[in-house]
Amino acid sequence: MDVTSIKIRNYQIKDREAIQKISLENIVLGEHRDSIFDDEILADLLTKYFTDYEPLSCFVAVKVNQVIGYIIGAQDIRKMRRLMKHKIVPGLICKALGRRQLLRRNSLILLKNIISSYLKGEFISPDFSQEYPATLHINIRAEYRRQNIGSLLIDHFLDFLQKENVRGVHFGVVSESAKDFFIKLNFNILFSGKYSFLRFLLGKTIPHYIMGKHI
């Protein structure tokens with residue numbers, strides 16, 4: 001593909017549906033996602049903070065007026081965590097309860113496994129927010145991967161953070177390929193671990209890496 005045909009631009013409200021759709025296409029749950037929660041709830045969990053509360057930190061890759069990828073971020077991950085904890089997640093839990101989605105068999109198993117993983121310390125990691133205050137979430141439509149679009153989005157986002165005087169960014173990835181991609185872009189592995197709570201669906205424990213970079 002000729003990457004000159006790809007345009008990186010600021011997020012617009014009209015892009016929200018496309019971003020949500022791409023986020024679901026790339027979710028680690030894969031084909032099992034329907035057995036846990038409705039797409040609307042999962043998409044909001046992945047993207048709602050960024051698109052609704054910090055849209056100026058969001059960007060999309062566009063080809064012929066079609067969104068084919070995105071990078072959505074937060075300049076202050078501590079602020080994001082507070083809003084997720086006190087506003088977004090409680091709202092999504094209430095919505096899931098109202099739709100009786102938490103009574104699904106796989107939802108109950110997942111909840112039990114998450115508690116087990118928590119007790120085993122799988123969610124414990126160092127706090128990198130002081131040195132790397134920003135975070136990001138990036139995804140590309142499957143048919144447009146390995147064509148340098150991810151690198152273009154990352155470069156654009158890092159330039160944005162630099163102009164905003166943000167000194168570092170960190171985020172989690174849950175695959176070896178994602179980890180290797182960011183290493184090629186000179187990100188560092190700040191922490192590594194494993195998650196077992198999805199093993200009942202995926203048949204395996206998944207890796208967890210926290211990647212970071214100074215800007």
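Under 10 Å, Cα contacts only: if you run a Gaussian network model on the chain, which one of H137, H156, H170 comes out with the highest mean-square fluctuation?
H156
Modelling each spin label as a point 7 Å along the Cα-to-Cβ direction, I'd like the R146/R105 distance in nm, to one decimal.
3.7
Answer with a single label: of (i) -0.28, -0.93, -1.24, -1.41; (ii) -0.24, -0.79, -1.05, -1.19; (iii) -0.36, -0.96, -1.17, -1.27, which was calculated as log10 I(q)/I(0) by the Debye sum over Cα atoms at q = 0.08, 0.14, 0.16, 0.17 Å⁻¹ from the structure in view?
Given (i) -0.28, -0.93, -1.24, -1.41; (ii) -0.24, -0.79, -1.05, -1.19; (iii) -0.36, -0.96, -1.17, -1.27, the calculated one carries the label (i).
Of A43, N148, V89, which is farthest towards the positive pole of the chain's charge dipole, taken about the Cα centre with +1 and -1 on the beta-carbons of Lys, Arg and Asp, Glu respectively?
So the residue we want is V89.
Rounded, prolate or oblate: which fits segment 1-109 when a ≥ b ≥ c are the square roots of the eigenvalues of the alpha-carbon gyration tensor, with rounded for a/c under 1.5 and prolate only if a/b beats b/c?
The shape class here is oblate.
With n ≥ 4 as the cut-off for DSSP H runs, can you work out [θ] at 222 nm for the chain, using -39500 (n - 2.57) per run divided by the number of residues, rounded to the nearest 500? Could the numbers behind the result be given before it?
Details: 8 runs with 80 residues, N = 215.
Estimated from H runs of four or more residues: -11000 deg cm²/dmol.
As I understand it, the value is the acute angle between the Cα axis of helix 105-119 and the longest principal axis of the Cα atoms of the chain; what does it come to in degrees, rounded to 10?
Tilt relative to the chain: about 80 degrees.
Tilt of helix 89-98 relative to the longest C-alpha principal axis of the chain, in degrees (0 to 90, nearest 10)?
For helix 89-98, the angle is close to 50 degrees.
Pairs of Cα atoms under 8 Å, at least six residues apart: use those to get the relative contact order of the chain, whole percent.
Relative contact order for the chain comes out at 22 percent.
Could you rank the peptides 70-80, 9-19 by their average count of other C-beta atoms within 10 Å per residue, with the highest value first?
With the highest mean Cβ count within 10 Å placed first, the list reads 70-80, 9-19.
Given 0.36 nm per residue, what is the gain on full extension from Q130 to V28 after removing their alpha carbon distance, in nm?
Length gained between Q130 and V28: 33.9 nm.
Only the coordinates and a few stated rules stand behind these numbers; no lab work does. What you see is a predicted model, and the numbers here were worked out from it, not measured in a lab. So basically every Cβ, Gly included, is an ideal-geometry build from the backbone, and we count neighbours across all protein chains shown.
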